[in-house]
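Enquirer: My questions all concern the structure below.
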Ligand code: KIV
Ligand code: ZN
């Protein structure tokens, strides 16, 4: 039977940490409401202690969202946890998400703590957070560069202290799909308690493998995935929500998993984020890029016009677009050209089409894109026939 995977959206926290992507209170609330429409399971609304603006956003999102868990990030420090709780306590389903680094490199240079101190502190802070909130997520920052034995022991201790979700982040986007699969499998084998709670993964995209790593971790038993709209986030970003969800959707046959996301809200969510931040996605971005459902070459256009599935593995409608795009350019063939003439309302004879097509090809060699106005100009110039 297909397994449900929970979608934890961190656009408003890790995503917002990306240069140029900061949002004001109204924009964050607007985005949170769109995430609720998208039907994600968890919205990480912010890092409440980071600034008074962050605190207010987390609090207002907690008040306004009804159908998703609302989480606030907190370091494993009492003042962070107090502040996180002060902000998320208004949520119908609040979560405190606390974290501490567990790799040798982070413990030595950043925390200046020994592993045993880190473990004690983590347990202590989970107990502290548990006084406030039932739902506690614990993240082992830089997990993929941490010792798996140490992680398994630490996870068992924090689970016994009350953690409900264990997050295994690839903080610096360092791992690969095979390695991450084995890493999660090993930790699950070494831990006595990990399978009693949700196992989450949080992958960064430094080597361009965040989505692949996330799906490998799901295969190894992860039950929650952390991601952002358009893949925004620190440095090269986080795993892109739309890519993970559409991979689940399109390859249900292979992955045998599902999630609650309403895929028809994907495009709207992506566009809203770009409009708010002013950061556009690249045209060839999977799922939400301008060209993701566009066809220019004659062979592809002919194929799609005959039978869509020849070159489309998902429908544009499934992500909330009204249709695919036939881009007319120098690679386009007569089929697509004729199709566009019909859509524009021209009924031409074979000879007229051939003449117009020849002129279109000449123009396409000089111009990057051919617009409807260009076609209309060709027809009018020849005064072949007027639209019906
Ligand atoms: O990348 C990371 O490790 C994080 C944690 C705070 C979850 O964002
Ligand atoms: Zn992160």
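Enquirer: Check off (1) in contact with a helix residue (DSSP H, G or I) (Cβ under 7 Å, 6 or more places away or on another chain); (2) more than 24 Å from residue 121 (Cβ to Cβ); (3) away from ligand 2 (no atom under 12 Å from the Cβ) for residue 179 and give me the number that stays unchecked.
Expert: (1)
Enquirer: Does residue 84 count as within 27 Å of the chain's Cα centre (by Cα), surrounded by 23 or more Cβ atoms within 10 Å (Cβ to Cβ) and at pLDDT 95 or above? Break it down into steps so the answer makes sense when it comes.
Expert: Numbers: within 27 Å of the chain's Cα centre (by Cα): yes; surrounded by 23 or more Cβ atoms within 10 Å (Cβ to Cβ): yes; at pLDDT 95 or above: yes.
Yes, satisfied.
Enquirer: Of the residues 36, 60, 27, which is free of Cβ contacts under 8 Å to residues at least 40 places away in the same chain, closer than 17 Å to residue 229 by Cβ and away from ligand 1 (no atom under 16 Å from the Cβ)?
Expert: 36
Enquirer: Considering only residues that are within 16 Å of ligand 2 (Cβ to nearest atom) and out of contact with any helix residue (DSSP H, G or I) (no Cβ under 8 Å at 6 or more places or on another chain), which ones fall in region 110-144?
Expert: 110, 137, 139, listed by residue number.
Enquirer: Among the residues of region 145-176, count how many are within 16 Å of ligand 2 (Cβ to nearest atom) and closer than 21 Å to residue 8 by Cβ.
Expert: So the answer is 12.
Enquirer: Under the condition of being assigned to a loop (DSSP other than H, G, I, E, B) and within 16 Å of ligand 2 (Cβ to nearest atom), which residue from region 1-19 is farthest from residue 33 (Cα to Cα)? Walk me through it before giving the result.
Expert: Of the residues in region 1-19, the ones assigned to a loop (DSSP other than H, G, I, E, B) are 1-2, 5, 10, 16-19.
When the remaining residues are screened for being within 16 Å of ligand 2 (Cβ to nearest atom), the result is 10, 16-19.
Working: 10: 14, 16: 16, 17: 20, 18: 21, 19: 23 Å.
Applying the filter and picking the extreme gives 19.
Enquirer: Out of curiosity, is residue 79 assigned to a helix (DSSP H, G or I) and away from ligand 1 (no atom under 16 Å from the Cβ)?
Expert: yes
For every residue, the table says whether it meets (1) more than 16 Å from ligand 1 (Cβ to nearest atom); (2) over 16 Å from residue 32 (Cα atoms).
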| position | (1), (2) |
| --- | --- |
| 241 | no, no |
| 256 | yes, yes |
| 259 | yes, yes |
| 265 | yes, no |
| 268 | yes, no |
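Enquirer: From the list 201, 211, which one is under 21 Å from residue 13 (Cα atoms), within 14 Å of ligand 1 (Cβ to nearest atom) and crowded, with 21+ Cβ neighbours inside 10 Å?
Expert: 201
Enquirer: Ok, one more. Residues 226, 243: which one is at pLDDT 95 or above and in a helix (DSSP H, G or I)?
Expert: Numbers: 226 fails: in a helix (DSSP H, G or I).
Testing whether each residue is at pLDDT 95 or above and in a helix (DSSP H, G or I) leaves just 243.
Enquirer: Can you find, within region 39-57, the residue that is surrounded by the fewest Cβ atoms within 10 Å (Cβ to Cβ) among those that are in contact (Cβ under 8 Å) with a residue 60 or more places away in the chain and not in a strand (DSSP E or B)?
Expert: The qualifying residue surrounded by the fewest Cβ atoms within 10 Å (Cβ to Cβ) is 39.
Enquirer: Here's another thing I want to ask about it. Enumerate the pairs (first residue in region 164-188 and over 15 Å from residue 154 (Cβ atoms); second residue anywhere and in a helix (DSSP H, G or I) and within 12 Å of ligand 1 (Cβ to nearest atom)) with beta-carbon separation below 6 Å, excluding pairs fewer than 6 apart on the same chain, so at least 6 apart or on different chains.
Expert: Close Cβ pairs satisfying both conditions: 170/144; 174/144; 175/144.
Enquirer: Given the conditions (1) assigned to a helix (DSSP H, G or I); (2) farther than 30 Å from residue 220 by Cβ; (3) without any contact (Cβ under 8 Å) to a residue 24 or more places away in the chain; (4) over 15 Å from the mean Cα position of the chain (by Cα), and given that residue 271 satisfies all but one, which numbered condition is not satisfied?
Expert: Status for residue 271: all satisfied but (4).
Enquirer: Report, by residue number, each residue of region 8-31 that is buried (at least 23 other Cβ atoms within 10 Å of the Cβ) and under 16 Å from residue 268 (Cβ atoms).
Expert: Going residue by residue through region 8-31, those that are buried (at least 23 other Cβ atoms within 10 Å of the Cβ) are 8-16, 28, 31.
Result: 9, 11, 31.
Enquirer: Then there's this: Within region 339-362, count every residue that is within 42 Å of the chain's Cα centre (by Cα), surrounded by fewer than 17 Cβ atoms within 10 Å (Cβ to Cβ) and without any contact (Cβ under 8 Å) to a residue 24 or more places away in the chain.
Expert: 3
Enquirer: When you check residue 66 against the structure, is it in a loop (DSSP other than H, G, I, E, B) and either out of contact with any strand residue (DSSP E or B) (no Cβ under 6 Å at 6 or more places or on another chain) or farther than 29 Å from residue 158 by Cβ (or both), yes or no?
Expert: Judged against the criteria, residue 66 is a match.
Enquirer: Out of the residues in region 204-230 meeting the condition of being free of Cβ contacts under 8 Å to residues at least 40 places away in the same chain and in contact with a strand residue (DSSP E or B) (Cβ under 8 Å, 6 or more places away or on another chain), tell me which one is nearest to ligand 2 (Cβ to nearest atom).
Expert: My answer is 204.
Enquirer: Okay, moving on. Can you find even one residue in region 51-59 that is closer than 21 Å to residue 137 by Cβ and within 16 Å of ligand 2 (Cβ to nearest atom)?
Expert: Yes.
The values are calculated or read from the model by the stated rules, or taken from the named source; none is laboratory data. Keep in mind that what you see is a predicted model, and the values were worked out from it rather than measured. A quick note on method: Cβ atoms are made from the backbone with ideal geometry, for glycine too, and the neighbour counts reach across all protein chains shown.
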